[in-house]
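A.B. asks: Here it is, the structure, as structure tokens.
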Amino acid sequence: MVTEVDREAEALIVDGLREARPDDTVIGEEGSRHIGTSAVTWVIDPLDGTTNYLYGFPSFAVSIAAEVDGRAAIGVVHDAVHRETFTASAGGGAHRDGAAIAPSGCRGLPTALVATGFSYEPAERERQARVLTAVLPRVRDIRRAGAAALDLCWVACGRLDAFYERGLQPWDMAAGALIVSEAGGAVTTGDRWVLASTSALHEPMRRLLAGAGET
């Protein structure tokens, strides 16, 4: 689903970037495409969690990332409901409202609070449900908030121990993945797939998901 808020937010962000950085490439979820001449590409999700926004469920955010020569350089995720802004720069650490953040100290699956997300395609949802039946008995519990950018930030600041999801687009995870990495967590990305967690939990989660067919 797409709302006027998605489109208006993207237009506002893109116009600001084009004015400030006219030579940069800009890519937005709602179709904005400007191919620039510099090495910088901005990747924008103007409203991550649109369904939540429509229902008034308080889990949605604006996500903006900058890549330089294809490598993540800056990530910003703004949670307007809770008035929190997560930021990161390559080599500069990760912060929430200016204060440094770090992942939890979780080291094992039995004590891990794990988040995931689900596709809107029925066949893919069935597959994801099968993966979930393999994961759920092995971890403390599962959460599904419905905004990947926030899930990643919550791993970065210790509110979650791990997050995995298949079916994501680059704008869903570009900023959040950098925030996790700069906070000191571990991130693995693949073809529309991400696993983010504490460093100690990453390999056990990867093996668990691989055994369940989620790699």
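Coordinate-derived values only; no laboratory data. Not measured: the values here are computed from a predicted model. Please note: Cβ atoms are built from the backbone with ideal geometry, for glycine as well, and neighbour counts cover all protein chains shown.
A.B. asks: Please tell me the relative contact order of region 64-215 in percent, rounded to the nearest whole number, where contacts are Cα pairs under 8 Å and at least six residues apart.
C.D. replies: This gives 28 percent for region 64-215.
A.B. asks: Comparing Ala186, Ala100, Ala148, which has the greatest mean-square fluctuation in the GNM of the chain with Cα pairs linked when under 10 Å apart?
C.D. replies: Ala100
A.B. asks: Rank the residues Ser197, Ser59, Ser89 as a footprinting-exposure proxy: fewest other Cβ atoms within 10 Å of their Cβ go first.
C.D. replies: Ser89, Ser59, Ser197
A.B. asks: Pull out the extension gain between Asp97 and Leu54, defined as 0.36 nm times the separation in residues minus the alpha carbon to alpha carbon distance; nm, one decimal.
C.D. replies: 12.9 nm
A.B. asks: At what distance in angstrom do the alpha carbon centres of region 116-140 and region 179-197 lie from each other?
C.D. replies: Result: 19 Å between the Cα centres.
A.B. asks: Separate question: Ile142 versus Trp193, label points 7 Å from Cα toward the beta carbon: distance in nm?
C.D. replies: Between Ile142 and Trp193, the simple spin-label model gives 1.7 nm.
A.B. asks: Mean separation of Cα pairs under 8 Å and 6+ residues apart, divided by the residue count of region 14-61: what relative contact order is that in percent?
C.D. replies: Result for region 14-61 is 26 percent.
A.B. asks: Can you tell which of Leu168, Leu178, Leu136 shows the greatest fluctuation in a Gaussian network model of the chain with Cα springs below 10 Å?
C.D. replies: Its mean-square fluctuation being the largest, the pick is Leu136.
A.B. asks: For region 4-100, with only Lys/Arg (+1) and Asp/Glu (-1) charged at the beta-carbon, what is the dipole magnitude about the Cα centre, in debye rounded to 20?
C.D. replies: Computed about the Cα centre, the dipole is about 240 debye.
A.B. asks: Given that just one value was derived from the coordinates, which of (1) 0.93; (2) 1.37; (3) 0.99 is Cα Rg over 2.2 N^0.38 Å?
C.D. replies: Checking each listed value against the structure points to (3).
A.B. asks: Taking the chain as the reference, fit the longest principal axis to its C-alpha atoms, fit the long axis of helix 199-211 to the helix C-alpha atoms, and give the angle between the two in degrees, 0 to 90, nearest 10.
C.D. replies: Around 70 degrees separate the two axes.
A.B. asks: What FRET efficiency do you get for Arg71 and Ala200 if R0 is 22 Å and r is their Cβ-Cβ distance, rounded to the nearest 0.05?
C.D. replies: Efficiency at R0 = 22 Å is approximately 0.30.
A.B. asks: What is the gain in length, in nm to one decimal, between Ala210 and Ser119 on full extension, counting 0.36 nm per residue of separation less the C-alpha to C-alpha distance?
C.D. replies: Additional length available on full extension: 30.9 nm.
A.B. asks: In debye, nearest 20, what is the charge dipole magnitude of the chain about its Cα centre with +1 on Lys and Arg Cβ and -1 on Asp and Glu Cβ, if you could check? Provide the component values of the computation, followed by the final result.
C.D. replies: Values: 20 positive and 29 negative charges, 209 e Å.
Magnitude of the dipole: close to 1000 debye.
A.B. asks: Another question, then. When DSSP assigns beta bridges and you keep just the ones with both residues in the chain, what percent turn out antiparallel, to the nearest 5?
C.D. replies: Taking every DSSP beta bridge with both residues in the chain, the antiparallel ones total about 80 percent.
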